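S.K.: I'd like to ask some things about the structure below.
The values are calculated or read from the model by the stated rules, or taken from the named source; none is laboratory data. On a predicted model such as this, the values are computed, not experimentally measured, just so you know. Note: ideal-geometry Cβ built from the backbone for every residue, glycine included; neighbour counts use all protein chains shown. Quick note on the areas: whole protein, heavy atoms, side chains included, nothing else; ligands and nucleic acids left out. Shrake-Rupley method; radii C 1.70, N 1.55, O 1.52, S 1.80 Å.
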Amino acid sequence: TGGCGYIGSHIARAIKQQSTDNHVYIIDRERRDHTLKDIDGFLHADYAARASLMWISDLEPDVVVHCAGSSLVGESMINPSEYYENNVTKTITLLTHFKDFKKKPLILFSSSANVYGNPVQLPVYEADPKLPISPYGVSKHVTERLLSYYHDAYNIPSVCFRYFNAAG
C-alpha cells in the first residue's frame, strides 16, 4: 500500500530487484508512472476500499508492505481527523480483512520515529518511551499497538520500521 510514495516506491523496487521470483503489486491513491516500472500490477485506489481488499484477497500475498498514510506532522496538527481516519481507521479495515485469511500475510509497517515525541535520551533506543506529541505520531503509535493486538488475537505477524529521516 502506498507504493507510489517515496518510501513505498523504493521498497517496491528493492523487493522486485531482489529476485525474479518476487511479484510486486501496488495500491495507491496517487499514480506516479515512473514508480511503476517493472511492477507486476497496480490498482489506483484507496488501500481500504472494497475493490482494494478484494484485489489483495485474490493475490493471496505472503507480505503486505503498508506504506500508505498521511505523513506530515504540521498538517496533522491542523487536520487531525484526516490522520486518524487514514492512518488508523483504514488500517483497522485492512487488518480486519486479514483476520480470516487462512494464510496470514506478514505486515511490514512503515512507522515513524515520531512515536518517541521529544526523546528522553540521545541516541534513541527502540525500548525508549513512546510519547508522541502530534496526531501523526499518535496515529503511528496507535497502529503499532493495533498490529501487536491483531497478532495476539488473529495471529497476523508484523514488523514495524521507525524511520528518523528516510532520505538523509
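S.K.: For the chain, what does -39500 (n - 2.57) per DSSP helix run (n ≥ 4), summed and divided by total residues, give at 222 nm, in deg cm²/dmol to the nearest 500?
M.R.: Working: 6 runs with 62 residues, N = 168.
Computed mean residue ellipticity for the chain: -11000 deg cm²/dmol.
S.K.: Using 0.36 nm per residue, how much length does the chain from S57 to I78 gain when fully extended, once their Cα-Cα distance is taken away?
M.R.: Working: separation 21, 0.36 × 21 = 7.56 nm, distance 3.54 nm.
Between S57 and I78, full extension yields an extra 4.0 nm.
S.K.: Just the number, please: carbon plus sulfur as a percent of the accessible area of the chain, 1.4 Å probe, no ligands or DNA/RNA counted. Walk me through the numbers before you get to the answer.
M.R.: Details: 5010 of 9400 Å².
Answer for the chain: carbon and sulfur cover 53 percent of the accessible area.
S.K.: Have a look at V24, V120, V88 and tell me which one the Gaussian network model of the chain (Cα, springs below 10 Å) gives the largest fluctuation.
M.R.: Greatest mean-square fluctuation among the candidates belongs to V120.
S.K.: In square angstrom, what is the accessible area per residue of the chain with a 1.4 angstrom probe?
M.R.: Details: 9400 Å² over 168 residues.
Solvent-accessible surface per residue comes out at 56 Å².
S.K.: Mind checking which lysines have their C-alpha under 26 Å from K104, skipping anything on the same chain fewer than 8 residues away?
M.R.: K16, K90, K140
S.K.: With a 1.4 Å probe and all protein chains kept in place, how do R162, R50, R29, R145 rank by accessible area, largest first?
M.R.: Values: R162 60, R50 165, R29 120, R145 95 Å².
Ranked from most to least accessible, the order is R50, R29, R145, R162.
S.K.: Long-range amide H contacts for F109: which residues qualify at under 5 Å (H placed 1.01 Å from N, peptide plane, sequence gap of 5 or more or a different chain)?
M.R.: H66, V159, C160, F161
S.K.: Just to check I understand the Karplus step: with θ = phi - 60° and J = 6.51 cos²θ - 1.76 cosθ + 1.60, what whole-Hz values come out for the stretch 92-106, glycine and proline as x?
M.R.: 4, 4, 4, 5, 4, 4, 7, 4, 9, 5, 5, 9, 6, x, 6
S.K.: Continuing with the same structure: Testing the spin-label approximation: label points 7 Å from Cα along Cα→Cβ at S148 and A45. State their distance in nm.
M.R.: About 3.3 nm, to one decimal.
S.K.: Along the three principal axes, how long is the stretch 1-46 when you take its alpha carbons, biggest first, rounded to the nearest angstrom?
M.R.: Per principal axis, max minus min of the Cα coordinates gives 27, 17, 16 Å.
S.K.: Under the Kirkwood approximation applied to all pairs of distinct alpha-carbon atoms, what is the hydrodynamic radius of the stretch 1-102 in Å?
M.R.: Details: mean 1/r = 0.0701 Å⁻¹.
Computed over Cα pairs of the stretch 1-102, the Kirkwood hydrodynamic radius comes out at 14.3 Å.
S.K.: Roughly what % antiparallel, to the nearest 5, for the DSSP beta bridges in the chain?
M.R.: Working: 0 of 14 bridges.
Close to 0 percent.
S.K.: If you don't mind, there's one more thing I want to ask. Which of G69, G117, G137 ends up with the largest GNM mean-square fluctuation for the chain, with Cα atoms connected below 10 Å?
M.R.: Taking springs between Cα atoms under 10 Å, the residue moving most is G117.
S.K.: E30 to Q121: FRET efficiency via 1/(1 + (r/R0)^6), r the Cβ-Cβ distance, R0 45 Å, to the nearest 0.05?
M.R.: Values: r = 37 Å, r/R0 = 0.82.
Once rounded, the FRET efficiency stands at 0.75.
S.K.: With axes computed from alpha carbons, what is the tilt in degrees of helix 6-18 against the longest principal axis of the chain, rounded to the nearest 10 within 0 to 90?
M.R.: 50
S.K.: Return one number: the angle in degrees, 0 to 90 and rounded to the nearest 10, between the long axis of the Cα atoms of helix 50-59 and the longest principal axis of the Cα atoms of the chain.
M.R.: On a 0 to 90 degree scale, this one is about 60.
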